[in-house]
Amino acid sequence: MYTVKCLNPISKQGLDLFTSEFEVIDDLNAADAVLVRSAKMHGLEIPKSLLAVARAGAGVNNIPLDEYAEKGITVFNTPGANANGVKELVVAGLLLASRDIIGGYNWVKENAKMEDLPKAIESQKKAYAGNELKGKSIGVIGLGAIGVLVANICNRLGMKVYGYDPYVSVRSAWSLSRMVNHSSSLDEIFTKCDYITLHVPCTDSTKGMIGKEAIFKMKDGVNILNFARGELVDDQAILAGLATQKVKHYVTDFPNNEVAGAESVITIPHLGASTEESEDNCAEMAVEQLMNYLENGNIVNSVNYPNCNLGDLEAEARITVHHKNLPNMIGQLTAILAGEDYNIVNMLNKSKGDWAYSMLDVEKKPSKEIIQKMKEIDGVVRVRVL
């Protein structure tokens, strides 16, 4: 029996996927795994027995990835599960930036009781005129699950689409419309595009990527959309750009005290993945990945350990090892088994940065002594037997 603690409300559609071998509990200290959405886990006291954390969503800024890697805790996310919901909101953001829908809406509400309102509307509506998206250029920075969908739908809207992602995956490349122009640099996006939309994770290299220097290179009257992470944009730089009308609109799903009340900032209260469908999809993917990991040791969509999949456990036992990415680690693990006359029927080792993960299927259950020897290898942080 495996125990799971939910730090946030998780879709019932996802939780219903748990088999009788799993129990959702309230006590974090007794949990084998955690399901989380937005709850901050930095500084949270967790039990030494915790094996995994599954984030029902894409962003993992609320989880201490390095700390958990050092403890042999695998952290999962659910890339692509909320992609369609975010894509649709980006389209809404484009329309809000190009047409003064908000201004027109507010005027009608404020004058709802005006005599002969229809006549007044006809004379007032020119104040809220805007532009069509067709024929305009848009730069999509980041061509992951969401960025690809955004690029493709913008192409169908008749926009000229430029996409930038130096690390685009084969899967994303196959999914991308051939009409999307592949930009070799961010500068091409900045100098050519009327609209720029961000779809990259927040890392040390991307934080503040839209700053003073980037905005200076952009076209006058550019519209910037941020449905990825608030930290990607330098607030002071964006406000300065809006003040000089270098930036026409800033549309963000991450309002804060700096930008929320600013003129020409269109703020949305983090609704990108706030659809019933997205929440269900994220929960289902997170639960499926947790069950696969806890029962079979397979890692799919981890952010702090490499993906590593040997399929369903069919051997007598499977040994999984979280360890540092060091030379001769496999040699040491297999030598211990060979020394005790254990036959390895299947094996897989993958690395990701400083960390690695090994899976070894054997014909008989390993003894406690064997597992202890493995744990004593320099660089090993966790050993499990399934």
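Just so it is clear, none of the values below were taken in a lab; they were calculated from the coordinates. This is a predicted model, so every value here is computed, not measured. All Cβ positions, even for glycine, are placed from backbone atoms using ideal geometry, and neighbour counts span all protein chains on display.
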Comparing Arg229, Arg156, Arg171 in a Gaussian network model of the chain (Cα, 10 Å), the one with the largest mean-square fluctuation is Arg171
For the chain, whose charge dipole is built from +1 on Lys and Arg Cβ atoms and -1 on Asp and Glu Cβ atoms, the candidate among Ile377, Phe227, Ile10 with its Cα farthest towards the positive end is Phe227
Among Ile121, Asn29, Val60, the residue whose Cα sits farthest towards the positive end of the charge dipole of the chain, when +1 is placed on the Cβ of each Lys and Arg and -1 on the Cβ of each Asp and Glu, is Ile121
Plugging the Cβ-Cβ distance of Ile25 and Lys71 into 1/(1 + (r/R0)^6) at R0 = 30 Å yields, to the nearest 0.05, a FRET efficiency of 0.90
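Relative contact order for region 95-197 using alpha-carbon pairs under 8 Å, separation at least 6, rounded to a whole percent? Could the numbers behind the result be given before it?
On the way: 140 pairs, mean separation 28.0, N = 103.
Here the relative contact order equals 27 percent.
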Honestly the chain on the Cα gyration tensor test (a ≥ b ≥ c root eigenvalues; a/c under 1.5 rounded, otherwise a/b vs b/c for prolate or oblate) is just prolate
Of the listed pairs Lys87/Lys134; Lys125/Lys246; Lys109/Lys134, those with alpha carbons more than 23 Å apart are Lys125/Lys246; Lys109/Lys134
Computed, not fitted: 222 nm per-residue ellipticity of the chain from DSSP H runs ≥ 4 (each -39500 (n - 2.57)), nearest 500, equal to -9500 deg cm²/dmol
Computed about the Cα centre, the charge dipole of the chain from +1 Lys/Arg and -1 Asp/Glu charges at the Cβ has a magnitude in debye, to the nearest 20, of 1200 debye
Largest fluctuation, Leu94, Leu15, Leu348 only, Gaussian network model of the chain with Cα springs under 10 angstrom, belongs to Leu348
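On alpha carbon coordinates alone, what is the Rg over Rh value for region 43-94, Rh being the Kirkwood radius?
Rg/Rh: 1.15.
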Cβ density ranking, 10 Å radius, fewest first, applied to Tyr2, Tyr162, Tyr305 yields Tyr2, Tyr162, Tyr305
Toy charge model, Lys and Arg Cβ at +1, Asp and Glu Cβ at -1: region 246-322 dipole around Cα centroid in debye, rounded to 20, equals 560 debye
With +1 at each Lys and Arg Cβ and -1 at each Asp and Glu Cβ, the charge dipole magnitude of region 83-267 around its Cα centre, to the nearest 20 debye, comes out at 620 debye
Checked against the positive end of the charge dipole of region 214-288 (+1 on Cβ of Lys and Arg, -1 on Cβ of Asp and Glu, about the Cα centre), the farthest of Ala286, Leu271, Val247 is Val247
For the chain, averaging the sequence separation of alpha carbon pairs under 8 Å that lie six or more residues apart and dividing by its residue count, the contact order in percent is 15 percent
One finds the C-alpha centres of region 92-152 and region 328-356 to be spaced, in Å, by 59 Å
Mean projected area (nm²) from the convex hull of Cα positions in region 309-386 is 4.6 nm²
Out of Glu314, Glu279, Glu288, a Gaussian network model of the chain with alpha-carbon springs under 10 Å gives the largest mean-square fluctuation to Glu314
By Cβ neighbour count within 10 Å, fewest first, Lys350, Lys217 rank Lys217, Lys350
